Structure formats: C-alpha cells, structure tokens
Amino acid sequence: MSQTAAPLTFEVTRRTDPRPDAEREAVLANPGFGTTFTDHMVTATWTRDEGWHDGRVTAYGPITLMPSAAVLHYAQEIFEGMKAYRHEDGSIWTFRPEANAQRMLRSSTRMALPQLPEDDFLASLRALVEVDQAWVPAYDGGEKSLYLRPFMYASEAFLGVRPAAEVTYSVIASPAGAYFSGGIKPVTLWLSEHYARAGEGGTGAAKCGGNYASSLAGQLEGIEHGCDQAVFLDSSTHTYVEELGGMNLFFVTRDNRLVTPELTGSILEGVTRSSVLELGKELGLTVEERRVPISEWKDGAASGEIAEIFACGTAAVITPVGEMRWDGGSCDHRRGGEDIGEVTSTIRTRLLDIQYGRTEDTHGWMTRLV
Ligand code: COI
C-alpha cells in the first residue's frame, strides 16, 4: 500500500459550541467508560491515488457514509485503544504510543488497509489532545484518564470484495474512569466452549472489530450464567487458553512464575501484556509465555498451584479474575482469600504509577502530548 512521503498535518477547526465547562466537569467527575465523547475528532482520508491527505480536527459528530461503504458490508476496519494521563503538574502523557502505532501497522497489513506512518499516528493524537485537553481528567491520585480511540475503515462506496480504494482514519476520545463499574472487584469468567474468538490463520492478532463481534455470543452466554466476561480457547483443539473478549490473561503460580498464553497468531499482542511481562521480570518473577492448557487452570485452581489470575488491557488496566464457570462446573483459585492478590496488586500499582508519573519511567514508556 502506498504512503504519503510528506507528514500528515491536521488543520484545526474549533467548534463554536463546545460543551459548557460545568457540563464537562460533571462528566469528568464520574466518567464511566465510553459513553461521553470530547468536543472534537480527527479525520484523515487515504485514496489509492493520493495516499494520506486532508487531516483535520473538527467538531465531534455524525459521519457521512454511503450505505454501500465497504466497511458496512465486509468489516474492513481496525482500531487502537490508548489513554492520555494527566500528571500532577498538569502535563498530559500517553503510554507507549509507538507500540500502538506499530500494532496498527500490523493490523493494517492483515486487513489490507493502508499503512499510517508512526509519526502521523502520533501527530493525530497530539492534535486531538491539544484541542481537547480540558477533557483530560485532573490528576487526583485515582485512575481517570482520557481514552483515545484511533480507528480506520473502508469508506469507499463499492460492493466488490477487494481492498477499498478510499479509507478514512479517525480518532475520537472519551473520558474514562474504571472500565468495570464495580471498581477493582474480581471478574467472573465464563469458559466459552462452543464459540471461538479467532482461528488459526485468521485475524485474531489484528485489532479489528470482527474479533470483538465474534466474542459477543460467548460473552452473552457468560452473562446468562452470571459471569462478567468470556474466556476463549484455541479453535483448533479447544484445549489451550487464548484470551478474553478484549483482554489478555496472566496466571501467577505459587512458586512465583508469571505465565501467559504465547502469541500464536490468534491472540492480540496487548501493549499492557508486554509491559506486564517486563514488570514481572523486574519483580523477580519467572516469566513464561507458552501454551496454557485449560486443564492446567482447572487443576491449578483446585490444588492451589495457581495463586492469582488477572486480565489486562488498556481500558481495564489489570483486573483480578475470581471464579471461572463452565457448563457443569466452576473453579475459584482464591479459596475465600483476597479479592486482589499481592502480585496482581503490585504489578497494577507499578504500571499505574508509571502511567501517572508517580515513579520514574525507567523504560522510556511515556510520551508527553501536551
Ligand atoms: C482496550 O483495552 O483498549 C481494549 O481494546 C478493550 C476495548 C475493546 C474496550
């Protein structure tokens, strides 16, 4: 796919009717997740002939698409999830944006979408956060942030099945509190035995909407069984743990190993996942990326070999897993113990301290936006 040689610039047109300060502050006091959006959005267009062009920051609002737009039919679409964090001195930062930019490039390749260069991706985030900086929640020692959602979709009006010749890139932003409304309460997982999230050679490693759509039936089944989220197994053997609908999984063993399913091509390479692996090593844990049989989970919970389980992702950070249920059984490795284990809590705090500038960023993970 062609790239523009010149960097993409974003022409800003500020809206004349931004949300009144009092209304915005009311949202920021209790943002929830993904329900309220800032005043502006980024858009840019790619065409086969011109490459990337027409970068803009304009009022957040409905988009115009023809009913024949390819994305509505063939789901040629990808996205990213990141956050902007306000530090105590008022400055605004984001976490490992180059990792998200690189993943978007990999997702683009898999979904036959054009490549958005890393610098343009970075510039798009800066452009939006600069204009909507008042929407980044004040530093309060908690976990509020501005969730950033870059996405790219086939906007060409054409029903033939081929990579679109016109594509739109956009970034929207939404103030965020805790992803799960219950705060840091362990989640209960449903073991999805009938539905897989992704398959060998499929799109599981790409951050495309289809992976999330395919997780919903399993999630619904879980909700019917009183669970919060579903956990998916590999689609070929139905034996190995893959990930949740939108989060990677980690196991902490009694003998201090930190185990996570290896990247087989059907698992999303989470930025939080790879950061947790680094932090785990620094904490002296033995880190293992390997296939994790579901029997190991069930047996380890029963024997006490598995001490802690947590899920991780940008939106929900690190969330302890409590129980797992399946058709005809359940297991709970906590055995009446703490809601959040010591290792889970230490890694969670360490990650948040880096993101909110409360500790030295020895990895160079933070990038200042404003
Ligand atoms: C994220 O953590 O950013 C995710 O991708 C989960 C999201 C789909 C809500």
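The values are calculated or read from the model by the stated rules, or taken from the named source; none is laboratory data. Owing to the predicted nature of the structure, the values given are computational and were not obtained by experimental measurement. Counting neighbours? That spans all protein chains shown, and the Cβs are built from the backbone with ideal geometry, glycine included. Calculation scope for accessible area: heavy atoms of the full protein, side chains included, ligands and nucleic acids excluded. Shrake-Rupley method; radii C 1.70, N 1.55, O 1.52, S 1.80 Å.
Details
- When you restrict to C-alpha pairs under 8 Å that are six or more residues apart and normalise by the size of the range 1-106, the relative contact order lands at 24 percent.
- Pairs of lysine residues in the chain that meet both criteria, 8 or more places apart or on different chains and Cα atoms under 27 Å apart, total 11.
- Range in the chain, longest, excluding exposed trypsin sites (Lys or Arg not before Pro) [loop by DSSP; at most 16 other beta-carbon atoms within 10 Å]: 49-253
- Using the rule -39500 (n - 2.57) for each DSSP H run of four or more residues, divided by the residues of the chain, the 222 nm mean residue ellipticity is -8000 deg cm²/dmol.
- Expressed per residue, the C-alpha convex hull volume of the range 149-195 stands at 153 Å³.
- Surface analysis of the chain yields an accessible area of 42 Å² per residue, using protein heavy atoms and a 1.4 Å probe.
- Karplus (6.51, -1.76, 1.60) ³J(HN,Hα), θ = phi - 60°, over the range 215-230, in Hz, Gly and Pro reported as x: 7, 6, 5, x, 5, 5, 4, x, 4, 4, 9, x, 9, 8, 8, 10
- With contacts taken as Cα pairs under 8 Å and at least 6 residues apart, the chain reaches a relative contact order of 18 percent.
- Average 1/r across all pairs of distinct alpha carbons in the range 21-116, invert it, and you get the Kirkwood radius: 16.5 Å.
- Evaluated over the range 11-176, the Cα radius of gyration and Dmax, each in Å: 16.4, 52
- Debye equation applied to the C-alpha atoms of the range 232-276, log10 I(q)/I(0) at 0.13, 0.21 Å⁻¹: -0.30, -0.73
- For the chain, the fraction of 1.4 Å probe accessible surface lying on carbon and sulfur atoms is 49 percent.
- Taking Lys and Arg as +1 and Asp and Glu as -1, the other residues whose beta-carbon sits under 13 Å from that of Glu166 total -2.
- Separation of alpha-carbon centers, the range 75-119 and the range 350-369, rounded to whole Å: 17
- Dimensions of the range 102-244 based on its C-alpha atoms, expressed as ranges along the principal axes with the largest first, amount to 49, 44, 25 Å.
- Counted residue by residue at 0.36 nm each, then reduced by the alpha carbon distance between them, the extension gain from Ala213 to Val161 reaches 16.7 nm.
- The chain: antiparallel DSSP beta bridges as a percent of all, rounded to 5: 80
- Ratio of the Cα radius of gyration of the range 4-77 to 2.2 N^0.38 Å, where N counts its residues: 1.43
- According to the Cα-based calculation, Rg over Rh for the range 187-355 is 0.93, with Rh computed by the Kirkwood formula.
- The range 1-76 - share of DSSP beta bridges that are antiparallel (%, nearest 5): 70
- Along its three principal directions, the equivalent ellipsoid of the range 271-348 from the Cα gyration tensor extends over semi-axes of 22, 14, 13 Å, largest first.
- With N as its number of residues, the chain has a Cα radius of gyration that, divided by 2.2 N^0.38 Å, comes to 1.00.
- Between helix 342-355 and the chain there is an angle of about 20 degrees, using the helix long axis and the longest principal axis of the Cα atoms.
- Which of Tyr240, Tyr195 is most accessible, then next, and so on - probe 1.4 Å: Tyr195, Tyr240
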